[in-house]
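Heads up: the structure comes next, in structure tokens.
Just so you know, all these numbers are worked out from the coordinates, no wet-lab data involved. These numbers come from a predicted model, not from an experiment. With ideal geometry, Cβ positions are generated from the backbone for all residues, glycine too; neighbour counts draw on all protein chains shown.
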Amino acid sequence: MVKDLWNYAAILACAAVLGYVIDATAWVMLAVAIGIIIWQLHCVNLIQQWLDNSSDTHLPEMDGLFYLLHKKLTKRNQQYSKRKKQLTAYLAQFRKAVSALPDAIVLIDANGKIEWANSHSAALLGIRWPEDASVRFKDLMRHPEMETLVSKPLKSDQVAEINSLAINDQTINIKSVPYSETTRMIIARDVSQLIKVNQLHTDFVANVSHELKTPLTVLKGYVEILQTAKDLPEKFIKPLEQMNLQSVRMQFIVSDLLYLAKLEDKGNIKPHQKVQVALLINTIIEAVQPLLDDKKHSITVEVDADAHVMGAETELHSAFSNLITNAIKYTQAEGKISVLWKQTSDGPVLTVKDNGFGIPSHHLSRLTQRFYRVDTDRSREGGGTGLGLAIVKHVLHRHNAELDIQSTEGTGSTFSCQFPPQTGKA
């Protein structure tokens, strides 16, 4: 830049000297200035032509500031071309990877129009690319759930399950997730086999539990008869006590398994009954009072009589009873337990808190699995079946509620049941 200014100043000085000699200083300097401007415009035109012709790799003939500018533009263009090639390669790899997935992937814009789809979309959803480009997704997927799926805010995840129109007994799980600020990704998966396997598992557990129920009843009856015999040898007393204890425990397990199978078989329930939870909690506290007295616990109960839930009272009784009973069992003697039922802006919440043994953090994610125990010996001593929290989870799921577990080892645990806002009426 400075060099160019000095060059132009030198040219204008020479023009001034020449104009002075011929007695036309102003005209000569004006002519030279116009020449400089024309040269500048010529250089700008050369750069413009070079930019318009992307295939031209030869540098235009120029020097000074325009030469430096051209070099920087060339370097920037080379970097852009390299980056473009990399992005093109990444895009090709992404499309190849997505095409290899067994799931159907569809990208739709903010208006619900198809922007791209992989090859599996044709088999699962009947969407063909590129034939269906710019077609509205819900026009091709004529299911009531699809209207809701694509009409929700772009930032939220939505999930739906539909029955395929092309294949009988085929269930497709469809999930909508944000892909960019203006695009959402539709992921579809055939879950028919998974549903069948889960149903077989549920049926198997239910059938086995049902078949075990009668033999256990007979076994327990005979054990009780033997225990009441007057001439029973002393060496059989303790074994029979253990047999009776284990048969009772097995009966509880079978009963809980049958109840779980019943919950799983029904799916989500419709809000058909207004449950007065405050009364329900008081009933549970009265029932567990002997356990409280036995361990000398102090319990605080706070309930909002106006907060209610639409659902099944017997199922909620089972879930809440499990939570309160667990708090009593897994809190050392003379512990403190609090039960809080209140209405919040997000819906009614039940909170059961204790200052018991607490649960290590790595166990929290698995607590609602069947038969999962943090401390096996302690659970068996307390008469637990390992199914209580699994029942709680399923009951809450059927009521569209969520279970939150917070616990610190050695400090205590807090179990919260968050219900959605209740709009139903009795």
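Charge dipole (Cα centre; +1 on Lys/Arg Cβ, -1 on Asp/Glu Cβ; no other charges) of region 274-418 amounts to roughly 380 debye. Karplus-based coupling profile of region 335-345, in residue order and whole Hz: x, 10, 10, 10, 10, 10, 10, 8, 9, 10, 5, with θ = phi - 60° in 6.51 cos²θ - 1.76 cosθ + 1.60 and x standing for Gly or Pro. Electrostatic tally near Ala390: other residues with Cβ closer than 9 Å to its Cβ, Lys and Arg +1, Asp and Glu -1, net +1. Pairs from the table (Lys196/Lys262; Lys296/Lys393; Lys274/Lys342; Lys274/Lys393; Lys213/Lys393) lying more than 26 angstrom apart at Cα are Lys296/Lys393.
With θ taken as phi - 60° and the Karplus curve 6.51 cos²θ - 1.76 cosθ + 1.60 applied, the whole-hertz 3J(HN,Hα) list for region 194-203 is 4, 5, 5, 5, 4, 5, 4, 5, 4, 5 Hz, x standing for glycine and proline.
If the segment from Val159 to Thr202 were pulled out straight at 0.36 nm per residue, it would be longer than the present Cα-Cα gap by 13.2 nm. With R₀ fixed at 35 Å, the C-beta to C-beta distance from Ile34 to Tyr90 puts the FRET efficiency at about 0.10. Distance between the pseudo-spin-label points of Gln406 and Leu69 (7 Å out from Cα toward the beta carbon): 6.3 nm.
Per-residue Cβ neighbour counts within 10 Å put Tyr372, Tyr80 in the sequence Tyr80, Tyr372, beginning with the fewest. For Thr283, the shell of other residues with beta-carbons less than 15 Å away shows a net charge of -3, using +1 for Lys and Arg and -1 for Asp and Glu.
Taking θ as phi - 60° and the Karplus parameters 6.51, -1.76 and 1.60, the scalar couplings of region 246-253 work out to 5, 5, 5, 4, 5, 5, 5, 5 Hz in sequence order, x denoting glycine and proline. Working ranking of peptides 118-127, 281-290 by packing, defined as the average number of other Cβ atoms within 10 Å per residue, highest first, is 118-127, 281-290. Ranked by how many other Cβ atoms sit within 10 Å of their own Cβ, fewest first, the residues Asp52, Asp139, Asp231, Asp132 fall in the order Asp231, Asp52, Asp139, Asp132. Of Lys262, Lys84, the sequence from fewest to most neighbouring Cβ atoms within 10 angstrom is Lys84, Lys262.
A protection proxy built from the mean count of other Cβ atoms within 10 Å ranks the segments 338-350, 386-398, most packed first, as 386-398, 338-350.
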